[in-house]
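Structure, as structure tokens:
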Amino acid sequence: MANIKGPAGFGECMNIFMNIAMGIIITLAINICVCMQVGMNIMTPEAVIASWFSSFVIGYTAGELGDPMGWAMKLAAKVKAGGFVTWVIQAVVLGTYFGMIILAGNMLVNNLAAGGVAAWLGGFATWAVFVEICAVIAVFVIIKPCMALSASVSGFNPAQAEASQH
């Protein structure tokens, strides 16, 4: 893990905090939906922890490999968005990126060995729209608190840095 101070530390903290929250939200959303479908509580703490952990590892790795926040900010700048519209763009880009990669990774882990590629793709297709909606809403809700927490831990606040440049 990189140093958690400064601009690089802010990005590292955002990746960690966002994926902790995204893993919990996606795990609980899918598990609650399955419980509702079968009509009984089949959620166990072990299953939730294992699913959250795999979601976190997949999401954290995806966050290290890609720059979805950078893509969202470039898109927002290209359409000259500000404030609320930028927030919505961040939610859609990050929610889509992390939601779909976490879902694809978890379906791979859970379904490939038991049912092959068809089970992996079928599981992905079954949950893709639901996870997309949950992930975009989740990012919309958690991005601001995660940014504040990351700024506090890293000592770097990108909003203040941008304001001091102008």
Note to self: As a test of the formula, what do you get for the chain when each DSSP H run with n ≥ 4 contributes -39,500 (n - 2.57) and the sum is divided by the residue count, at 222 nm and rounded to the nearest 500 deg cm²/dmol?
What the structure shows: -31000 deg cm²/dmol
Item checked: Inter-part distance where the range 71-112 and the range 43-70 are each reduced to a Cα centre, Å -> 14 Å
Margin query: What does the C-alpha gyration tensor say about the overall shape of the range 1-89? Classify as rounded when a/c is under 1.5, otherwise prolate if a/b is larger than b/c, or oblate.
Written below: oblate
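Could you order VAL48, VAL131, VAL92 by accessible surface area, starting with the largest, using a probe radius of 1.4 Å? Write out the running numbers ahead of the final one.
Numbers: VAL48 35, VAL131 0, VAL92 65 Å².
In descending accessible area the options line up as VAL92, VAL48, VAL131.
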Checklist line | the chain, Rg to Rh (Cα coordinates; Rh as Kirkwood inverse mean 1/r) | finding: 1.02
Notebook entry, point to check: Dipole of the chain (Lys/Arg Cβ +1, Asp/Glu Cβ -1, origin at the Cα centre): which of ALA29, ILE143, GLY115 lies farthest to the positive side?
Noted result: ILE143
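Calculate the dipole size of the chain relative to its Cα centre from +1 charges on Lys and Arg beta carbons and -1 charges on Asp and Glu beta carbons; express the result in debye to the nearest 20.
About 340 debye.
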Next item on the list: Return the aspartates and glutamates within reach of LYS80: Cα separation strictly under 17 angstrom, same-chain partners fewer than 8 residues apart disregarded; answer none if there are no such residues.
Entry: GLU162
Notebook entry, point to check: Angle, helix 68-78 long axis vs. longest principal axis of the chain, Cα atoms, 0 to 90°, nearest 10?
Noted result: 50 degrees
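The values are calculated or read from the model by the stated rules, or taken from the named source; none is laboratory data. Just so it is clear, the structure is predicted and the values come from calculations on it, not from any experiment. No Cβ is skipped: glycine too gets one built from the backbone with ideal geometry, and neighbour counts run over all protein chains shown. Accessible surface areas use protein heavy atoms only, side chains included; no ligands, DNA or RNA. Shrake-Rupley method; radii C 1.70, N 1.55, O 1.52, S 1.80 Å.
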